[in-house]
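A short write-up of the structure that comes next.
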Amino acid sequence: MFKKLSEHVYYRPAEHYTDRPNIGLVFGEKYALLFDAGNSAENAEKLKKELSICGLPNPDFVAVSHWHWDHSFGLCAWNCVTIAGEKTNEKLEEVSKWKWDDSSMEGRIKSGKDIVFCSEMIKREYPDRSKINVIKADISFKNRMSIDLGGITCELIHCGGPHEADSIICYIPSEKIVFLGDSNSRDFYGKPWFFDIEHEEDFFDNISKIPYDKKLVADYLSLMETLDFDTCISGHAEPMTKAELFSSFG
Ligand SMILES: [Zn+2]
């Protein structure tokens, strides 16, 4: 269920079993915006039900943090205006042509286009992979986009960072809250790392060995430094303070 962060900002905690990410909700007097689309139509339908149970508004806008499947594959299920960074939409165009039979998925792992972890999680989320429907967002932007929801404004900001070059964040200045997507996370696609679905208990140990790119982290933190916030919510973890974010890169 959605949890309250402020009068106008909620989030739905991540579900780790099939890698469903944290989902943010920001609403004003006129409009509501959801940050990240979920990893499937089923994930999106569950979010819609929970919004209704919690008495929260349905989104008028859904923005995706970056192209990775767990944040973007739910786009097809939202009947509202969808938004992504320009680079995210370019990559979604490419992914929309991918096939999801076993040999196509294995081929992408061999060529480095995809990774074992995502492949295993996709198989779990989609017992029937013919249901995967990857689409682009309706609106794309390059650097920054401001949306007035009625008395509360969301700033969507392209930030790049150590996780993926296309990452954007959702900054809500009046609430001093930022939804980070996975932007602060390590680069899962850059260098090979080990994942075995039979030994999921080793997941955090294994990813902690992926090195951060120091230059990307420095550029990312200099952008984050310019934003005034107390709380930030990354893609799959508990909310953090600004100080915790800054000290999390080792
Ligand atoms: Zn990601």
Principal axes first, then extents: for the Cα atoms of segment 133-217, list largest minus smallest coordinate on each axis, whole Å, largest first. 48, 33, 24
Table column - 3J(HN,Hα) (Hz), segment 128-143, Karplus curve with 6.51, -1.76, 1.60, x for Gly and Pro: 10, 6, 5, 7, 5, 9, 8, 10, 7, 7, 5, 10, 10, 9, 8, 10
Gain in length, residue 202 to residue 104, computed as 0.36 nm per residue apart minus the alpha-carbon separation, to one decimal in nm? 32.6 nm
Estimated distance in nm for a label pair at residue 138 and residue 228, the labels positioned 7 Å out from Cα along Cα-to-Cβ: 3.3
List the lysines whose Cα lies under 22 Å from the Cα of residue 176, skipping any in the same chain that are fewer than 8 positions away. 3, 4, 30, 242
Residue by residue, what Karplus-based ³J(HN,Hα) values in Hz, rounded to whole numbers, does segment 24-39 have, using 6.51, -1.76 and 1.60 with θ = phi - 60° and x for Gly and Pro? x, 10, 10, 9, x, 6, 10, 9, 10, 10, 9, 9, 5, 9, x, 9
Test item: Cα-centred dipole of the chain, Lys/Arg +1 and Asp/Glu -1 on Cβ, debye: 400
Order of 25, 5 under a 10 Å beta carbon neighbour criterion, fewest first: 5, 25
Whole-number D in µm²/s for the chain (Stokes-Einstein; Kirkwood sum over Cα pairs; 37 °C, 0.692 mPa s): 180
For segment 180-217 versus segment 25-60, the gap between their alpha-carbon centres in whole angstrom: 28
From a point 7 Å beyond the Cα of residue 124 in the direction of its Cβ, which residues of segment 162-194 have a backbone N at a distance under 19 Å? 182, 186, 188-189, 193-194
Using only DSSP helix segments of four residues or longer, with each worth -39500 (n - 2.57), what per-residue ellipticity at 222 nm results for the chain after dividing by its residue count and rounding to 500? -7500 deg cm²/dmol
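Taking the Cα centre of segment 1-135 as the origin, how large is its charge dipole in debye, to the nearest 20, when only Lys and Arg (+1) and Asp and Glu (-1) carry charge on their Cβ atoms?
Approximately 100 debye in magnitude.
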Distribution of pairwise C-alpha distances over segment 22-159, 5 Å bins, in %: 2, 10, 20, 22, 18, 13, 8, 4, 2, 0, 0
Between beta-carbons, use under 15 Å as the cut-off and find the net charge around residue 55, counting Lys and Arg +1, Asp and Glu -1. +3
Give me the extension gain from residue 216 to residue 86: residue separation times 0.36 nm, minus the current Cα-Cα distance, reported in nm with one decimal. 44.9 nm
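Bear in mind these aren't lab numbers, they're just calculated from the coordinates by the rules spelled out. From a predicted model like this one, the values you see are computed outputs, not experimental measurements. Note that each Cβ is placed from the backbone with ideal geometry, even for glycine, and that neighbours are counted across all protein chains shown.
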